[in-house]
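Notes to accompany the following structure.
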Amino acid sequence: MSAATFNAPSPPNWVFAYGTLMKGQSRHHLLEPAEIKSVLPASLAGELLDFGEYPALRLMSSGNSRVRGELIELGALDKVLEQIDEEEGPQFRREIVNATADSGETHFAWVYVIASEKSDAPPIRSGSWREK
């Protein structure tokens, strides 16, 4: 997996979920063994791509495009990271980002981003998998 993008003080115990890992979605159950402590509506700078059954995130450092999702705090993230890495597969890589909760607080969090620089998948203009 990719090295941290930011200088986080220690590996984060948060995940930024924007698609199938969000609450109520098909892979959310993969997070449950890690003791979910809280789920906060949140966003980060990026572009969401539509692959039909799932979205993919492309991080962006410029522009005002935001991806909506959830910051999920976990008590024992190490219990599930390897399994989620396998589920996401080689199409995605895990990175650390600084995501912003709707309340304004920010947290370093793991997020899965599309590994390929090029994709023919159309963008989800709303930035929200739930509102595509």
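The values are calculated or read from the model by the stated rules, or taken from the named source; none is laboratory data. Not measured: the values here are computed from a predicted model. Counting neighbours? That spans all protein chains shown, and the Cβs are built from the backbone with ideal geometry, glycine included.
Annotations for the structure displayed:
- Note on segment 28-51: residues that are hydrophobic (A, V, I, L, M, F, W, C), out of contact with any Gly (no Cβ under 8 Å at 6 or more places or on another chain) and touching a residue at least 60 places away in the same chain (Cβ under 8 Å) total 3.
- Within segment 100-119, no residue that is touching a residue at least 60 places away in the same chain (Cβ under 8 Å) and more than 22 Å from Ile84 (Cα to Cα) sits with its Cβ atom under 8 Å from a residue that is basic (Lys, Arg) and crowded, with 18+ Cβ neighbours inside 10 Å at 6+ positions apart or across chains.
- For segment 42-72, a residue qualifies if it is among the β-branched types (Val, Ile, Thr) and touching a Pro at 6+ places or on another chain (Cβ under 9 Å), and exactly one does: Val67.
- Here Glu70 passes the criteria (1) under 17 Å from Thr20 (Cβ atoms); (2) over 10 Å from the mean Cα position of the chain (by Cα); (3) not in a loop (DSSP other than H, G, I, E, B) except the one numbered (2).
- Cβ-Cβ under 8 Å pairs, at least 6 apart or on other chains, segment 73-85 side free of Cβ contacts under 8 Å to residues at least 24 places away in the same chain, far side buried (at least 16 other Cβ atoms within 10 Å of the Cβ) and not in a helix (DSSP H, G or I): none
- For segment 33-50, the criterion of being more than 13 Å from the chain's Cα centre (by Cα), of a type in the set (D, E, K, R) and modelled with pLDDT under 95 is met by none of the residues.
- Of residues in segment 78-92 being within 14 Å of the chain's Cα centre (by Cα) and more than 15 Å from Gly19 (Cβ to Cβ), the one modelled with the lowest pLDDT: Leu81
- Here Phe108 meets the list (1) touching a Ser or Thr at 6+ places or on another chain (Cβ under 8 Å); (2) farther than 19 Å from Gln25 by Cβ; (3) crowded, with 20+ Cβ neighbours inside 10 Å almost entirely, failing just condition (1).
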